[in-house]
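These notes are about the structure you will find just below.
The values are calculated or read from the model by the stated rules, or taken from the named source; none is laboratory data. All figures in this text were calculated on a predicted structure; none of them were measured in a lab. All Cβ positions, even for glycine, are placed from backbone atoms using ideal geometry, and neighbour counts span all protein chains on display.
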Amino acid sequence: MRGSWRIGQIAGIGVYVHATFLILLVWVALIHYQQRHRVADALGGLLFIGSVFGIVVLHELGHALTARRFGIRTRDITLLPIGGVARLERMPEDPGQELLVALAGPAVNVALAGILFALLVPLAGLGSLSDVALVEGPFLAKLLWVNVSLAVFNLLPAFPMDGGRVLRALLAMRMDFVQATQIAASVGQGMAMLFGLAGLLVNPFLVFIALFVWLGAAQEASMVQMRSALGGIPISRAMSTEFRTLSPRDPLERAAEQILAGFQQDFPVQEEGRLVGVLTRPDLLAALARRGGNASVGEVMRRHYETADPAEMMESVFARLHHCGCRSLPIVREGKLVGIVTPDNLGEFLIRHGARRAGQRDCWNDRRQGQGRSPRRSQEPYGARTADPLYPGACVRHVPGAAAAPGGTGRAVPSPHPGGPRPGRRRRNRPPVRDRQGPGDRCRWRQGLWYPVLWGDRRL
């Protein structure tokens with residue numbers, strides 16, 4: 001995460017602290033100092049908040065080590081003012097595994113609370129558990145209540161917190177994963193509204209947690225929807241085959257000119273037809289500031305980069321783009337660069353794919369409901385679909401003025417056969433069939449499906 005400093009490594013997982021964490025330390029020191037105006041109280045507050053975030057690290061390690069048992073690596077653990085974040089490479093696809101990973105963190109807090117209780121009772125008795133204040137009270141008692149609070153708070157069904165992931169895992173055992181995510185995200189956003197209201201009335205710190213939960217739930221739900229939509233589709237369907245490349249000997253000025261011309265943001269670097277590196281926009285801007293435009297691309301390009309195969313599924317490519325933080329991914333077949341893919345390519349493909357499927361669904365529904373009807377064409381609004389008297393059961397779209405075109409009839413027929421093939425059913429090795437009423441109204445056979453093409457609008 002940007003703006004973070006590495007403070008150590010535990011079990012092969014890097015631990016980072018975000019720069020905003022310093023604001024929390026200053027705030028805690030001031031709050032403790034204002035109680036009795038003693039520097040010792042401020043130092044005690046810093047020691048306490050350091051111990052609390054040590055507990056948070058152990059909490060996140062519980063998630064990370066449990067995920068490691070299922071073959072999922074953890075990139076790092078970052079400490080933020082509102083808590084810790086363990087960046088897993090991916091979430092488990094099996095609901096049972098996700099349930100165990102989500103419960104591992106609160107289980108660590110429960111275990112720590114039990115250990116502190118066993119140590120505290122023989123030393124200070126049960127009465128010490130209630131003698132807790134901001135700057136007074138047994139230190140172990142404070143840590144015990146911190147663990148209890150963390151366990152209870154994290155188990156609230158506020159997706160994407162631990163409790164929300166537990167809820168999704170339980171729902172996914174009985175329904176579709178995408179639907180379970182949507183329900184969990186809706187519940188999480190409802191909890192975020194309650195956190196925000198409580199923050200305005202009681203503790204302003206809850207407002208930041210509410211914002212984190214609301215945005216996290218929306219982002220997680222959209223990511224799951226995108227992964228579901230991209231499943232089973234090769235990346236070759238969305239990759240860009242028109243792109244610019246650079247040579248290691250090219251000056252950085254040329255790459256800057258290509259960016260200003262609006263061609264692309266990242267550039268594959270080729271030498272003698274082989275892909276040898278990738279020049280990213282942030283690296284280019286940083287190098288221009290340090291070395292100037294005469295430096296060569298080979299001095300700045302990344303020699304360690306991710307690639308994908310054209311036959312690889314979009315879902316896995318999207319996950320790799322998200323986790324590696326890359327803006328583009330070269331597509332390589334047998335050592336030859338054949339395309340690049342960016343998040344924009346995937347987004348545009350989803351828009352086209354969704355519009356295409358919506359059009360097929362509407363056409364199919366109208367064909368089922370339009371049997372035997374033949375309204376007057378002059379009374380039909382633009383884009384209306386009715387039954388065609390020439391092709392019973394076919395889906396017809398009337399376009400005003402299309403009949404005036406040479407040979408045009410003002411309709412487009414997805415299939416000239418009565419009843420036609422169901423939209424979405426693949427019929428391979430069949431050529432496009434033209435409408436007998438004119439060369440303009442025809443069906444297009446594209447990627448294994450029938451698509452209507454209007455005389456006045458070739459974009460469909």
### Message
Could you check region 274-284 and list, in sequence order, the residues that are under 15 Å from residue 251 (Cβ atoms) and in a helix (DSSP H, G or I)?
### Response
283, 284
### Task
Could you give me the residue pairs with C-beta distances under 6 Å whose first residue belongs to region 247-258 and is without any contact (Cβ under 8 Å) to a residue 24 or more places away in the chain, whose second residue is in a loop (DSSP other than H, G, I, E, B) wherever it lies, and which are 6+ apart or on separate chains?
258/244
### Task
Could you pull out the residue among 229, 180, 184 that is at pLDDT below 85, closer than 21 Å to residue 318 by Cβ and surrounded by 16 or more Cβ atoms within 10 Å (Cβ to Cβ)?
229
### Task
Please go through region 323-340 and pick out each residue that is part of a strand (DSSP E or B) and surrounded by fewer than 19 Cβ atoms within 10 Å (Cβ to Cβ).
332, 333, 336, 337, 338
### Task
Might you let me know whether region 138-150 holds any residue that is in a loop (DSSP other than H, G, I, E, B), at positive phi and modelled with pLDDT under 85?
no
### Query
Of (1) of a type outside the set (Val, Ile, Thr); (2) under 27 Å from the mean Cα position of the chain (by Cα); (3) at pLDDT 90 or above, residue 51 satisfies all except one. Which?
(2)
### Query
Only one residue in 190, 114 is farther than 16 Å from residue 220 by Cβ and not aliphatic (A, V, I, L, M). Which one?
114
#### Entry: Top-ranked residue of region 86-101 - restricted to ones that are within 19 Å of the chain's Cα centre (by Cα) and of a type in the set (A, V, I, L, M, F, W, C), ranked as surrounded by the most Cβ atoms within 10 Å (Cβ to Cβ)
86
### Task
Return the residue satisfying two criteria in turn: it lies in region 297-322 and is over 19 Å from the mean Cα position of the chain (by Cα) and assigned to a loop (DSSP other than H, G, I, E, B), and of such residues it is surrounded by the most Cβ atoms within 10 Å (Cβ to Cβ).
301
### Pair list, Cβ < 8 Å and 6+ apart or interchain, from region 304-319 residues that are modelled with pLDDT under 85 and of a type in the set (Phe, Trp, Tyr) to residues that are outside any loop (DSSP other than H, G, I, E, B) and crowded, with 17+ Cβ neighbours inside 10 Å
318/226; 318/227; 318/230; 318/346
### Task
Evaluate region 274-281: report whether one residue or more is farther than 30 Å from residue 220 by Cβ, touching a residue at least 60 places away in the same chain (Cβ under 8 Å) and among the hydrophobic types (A, V, I, L, M, F, W, C).
yes
### Message
Any residue in region 37-56 that is in the same structural domain as residue 146 (by TED's automatic domain parsing) sitting within a Cβ distance under 8 Å of a residue that is basic (Lys, Arg) and surrounded by 15 or more Cβ atoms within 10 Å (Cβ to Cβ)? List the pairs, counting only those 6 or more apart or interchain.
### Response
48/142
### Task
Inspect region 166-176 for any residue being outside any helix (DSSP H, G or I), buried (at least 17 other Cβ atoms within 10 Å of the Cβ) and assigned by TED's automatic domain parsing to the domain that holds residue 54 and give the result as yes or no.
no
### Looking only at region 232-279, and only at residues there that are hydroxyl-bearing (Ser, Thr, Tyr) and either surrounded by fewer than 16 Cβ atoms within 10 Å (Cβ to Cβ) or under 19 Å from residue 305 (Cβ atoms) (or both), the one that is farthest from the chain's Cα centre (by Cα)
247
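Yes or no, residue by residue, for (1) assigned by TED's automatic domain parsing to the domain that holds residue 116; (2) within 30 Å of residue 338 (Cβ to Cβ); (3) in contact with an Asp or Glu (Cβ under 7 Å, 6 or more places away or on another chain); (4) not polar (S, T, N, Q):
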residue: 139; (1), (2), (3), (4): yes, no, no, yes
residue: 147; (1), (2), (3), (4): yes, no, no, no
residue: 155; (1), (2), (3), (4): yes, no, yes, yes
residue: 178; (1), (2), (3), (4): yes, no, no, yes
residue: 198; (1), (2), (3), (4): yes, no, no, yes
residue: 207; (1), (2), (3), (4): yes, no, no, yes
residue: 215; (1), (2), (3), (4): yes, no, no, yes
residue: 221; (1), (2), (3), (4): yes, no, no, yes
### Residue count for region 157-176, restricted to those that are touching an Asp or Glu at 6+ places or on another chain (Cβ under 9 Å) and among the hydrophobic types (A, V, I, L, M, F, W, C)
4
### Message
Among the numbered criteria (1) modelled with pLDDT of 85 or more; (2) part of a helix (DSSP H, G or I); (3) crowded, with 17+ Cβ neighbours inside 10 Å, which one does residue 31 miss?
### Response
(3)
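Collect the residues in region 220-246 that are without any contact (Cβ under 8 Å) to a residue 40 or more places away in the chain and either in contact with a Gly (Cβ under 6 Å, 6 or more places away or on another chain) or not hydroxyl-bearing (Ser, Thr, Tyr) (or both), keeping them in residue-number order.
Once the filter is applied, which keeps residues that are without any contact (Cβ under 8 Å) to a residue 40 or more places away in the chain and either in contact with a Gly (Cβ under 6 Å, 6 or more places away or on another chain) or not hydroxyl-bearing (Ser, Thr, Tyr) (or both), region 220-246 yields 242, 244.
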### Query
Only one of (1) touching a helix residue (DSSP H, G or I) at 6+ places or on another chain (Cβ under 7 Å); (2) modelled with pLDDT of 90 or more; (3) part of a helix (DSSP H, G or I) is not met by residue 253, so which one is it?
(1)
### Query
Given the residues 159, 195, 117, 153, which is the only one that is crowded, with 20+ Cβ neighbours inside 10 Å, on the phi < 0 side of the Ramachandran plot, of a type in the set (Phe, Trp, Tyr) and assigned to a helix (DSSP H, G or I)?
195
